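The values are calculated or read from the model by the stated rules, or taken from the named source; none is laboratory data. Because the structure is a prediction, the values reported are computed rather than measured. In this analysis, Cβ positions are derived from the backbone assuming ideal geometry, glycine residues included, and neighbour counts consider all displayed protein chains. The accessibility values were calculated without ligands, DNA or RNA, using every heavy atom of the protein model including side chains. Shrake-Rupley method; radii C 1.70, N 1.55, O 1.52, S 1.80 Å.
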Amino acid sequence: MLCLHGITGTPFEVRPFAEAFGRAGFSVEAPMLAGHGATLVDLARSTWSDWLASAERALDALQVRTLGRPVAICGFSMGGLLALRLARLYPERVAALVVMGTPLRLRRFQVGAIRAITRLPIDFARWSGASIPKPNGSDISIPEMRHGNPGLPAFPVAALRQLFALMDVARADLPSVRAPALVVHARHDHVVPMDDSLELTGSLGSDVIERLWLDRSFHVVGLDVDSAQAVEAATKFVARFV
């Protein structure tokens with residue numbers, strides 16, 4: 001089982017899933033993706049190809065440990081985009097997907113404004129001050145967890161530009177993704193609109209697509225009030241295919 005965190009985050013976001021899969025007898029990898037876990041400058045200087053390469057290395061390491069057995073991927077937010085990309089690139093290696101709060105378009109006015117900013121003649125990759133802060137911490141309904149989720153305190157503009165590019169690639173990949181997929185989305189997600197999950201389930205090429213809508217949680221579903229429900233659904237789903 002390969003568990004992938006979101007942009008600006010760390011493996012802590014997917015830890016409940018990784019631990020549950022481990023208890024269920026799966027071999028698990030939950031890597032820190034390139035550019036993450038350090039500074040805003042580090043993230044700003046990384047690209048979506050770097051993030052993908054991190055995930056590919058973890059996939060390789062996992063298959064070495066398991067003697068080449070197929071792998072399921074559990075991806076949260078940007079990690080969900082990487083999961084979809086890996087399933088498209090390596091269909092024979094990816095047996096199932098669990099994608100949670102995965103952005104395909106985000107909100108048009110937000111994306112348009114950020115794309116306009118990135119057209120300015122500024123080297124955003126070297127200017128960490130060009131970031132969108134998270135004044136309220138992570139999008140989690142549990143107050144004490146909003147600032148208890150380790151990760152970067154802002155979104156570098158350069159990293160958001162890379163995220164948008166990855167979203168474009170993932171949308172084009174969807175019809176060619178054949179792995180069984182469980183699509184999880186929180187009804188009160190303030191980051192990724194529900195329409196993105198609806199588009200995802202309607203565009204995937206998989207024969208098996210299941211949905212789980214979480215009634216109480218915000219975006220970071222692994223750390224919110226419906227975490228146990230999401231973890232149980234993910235482990236039961238994956239066990240059918242791996």
Once ASN136 and ARG216 are pulled to full extension, the length gained, defined as 0.36 nm per residue separation minus their Cα-Cα distance, is 27.0 nm
Over its Cα atoms, what ratio of radius of gyration to 2.2 N^0.38 Å does region 168-217 give?
1.16
Leaving out ligands and nucleic acids, note down the accessible area per residue over the chain with a 1.4 angstrom probe, in whole Å².
43 Å²
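Starting from the Cα coordinates of the chain, work out the convex hull volume and express it per residue in Å³.
Details: hull volume 26.1 nm³, N = 242.
In the chain, the Cα hull volume divided by residue count equals 108 Å³.
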Dividing the mean separation of Cα pairs under 8 Å (6+ apart) by the residue count of the chain yields a relative contact order in percent of 23 percent
Working from the pairwise distances between different alpha carbons, so that the mean of 1/r is found and then inverted, what is region 9-101's Kirkwood radius in Å?
13.6 Å
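For the chain, what does -39500 (n - 2.57) per DSSP helix run (n ≥ 4), summed and divided by total residues, give at 222 nm, in deg cm²/dmol to the nearest 500? The partial results should precede the final answer.
Details: 9 runs with 99 residues, N = 242.
Calculated from helices alone, the mean residue ellipticity at 222 nm is -12500 deg cm²/dmol.
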C-alpha center-to-center spacing [region 128-160, region 20-50] in angstrom:
16 Å
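Can you give the FRET efficiency to the nearest 0.05 for GLN229 and ALA116, using r as the Cβ-Cβ distance and R₀ = 35 Å?
Working: r = 39 Å, r/R0 = 1.12.
So the FRET efficiency works out to roughly 0.35.
At a 1.4 Å probe radius, carbon and sulfur cover how many percent of the accessible area of region 51-105? Write down the numbers at each step before the final one.
Values: 960 of 1790 Å².
It is 54 percent, rounded to a whole number.
What does the convex hull of the alpha-carbon atoms of region 65-120 project to on average, in nm²? Each step should come with its number before you reach the end.
Numbers: hull surface 21.1 nm².
For region 65-120, averaging the hull's shadow over all directions gives 5.3 nm².
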25 °C / 0.890 mPa s Stokes-Einstein diffusion coefficient of region 113-242, Kirkwood radius on C-alpha pairs, µm²/s
146 µm²/s
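For PHE241 and ASP195, compute 0.36 nm times the residue count separating them, minus their Cα-Cα distance, and round to one decimal in nm.
On the way: separation 46, 0.36 × 46 = 16.56 nm, distance 2.73 nm.
Fully extending the segment from PHE241 to ASP195 adds 13.8 nm.
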Estimate the FRET efficiency between ALA172 and HIS147 by the formula 1/(1 + (r/R0)^6), using the beta-carbon distance for r and 30 Å for R0, to the nearest 0.05.
0.25
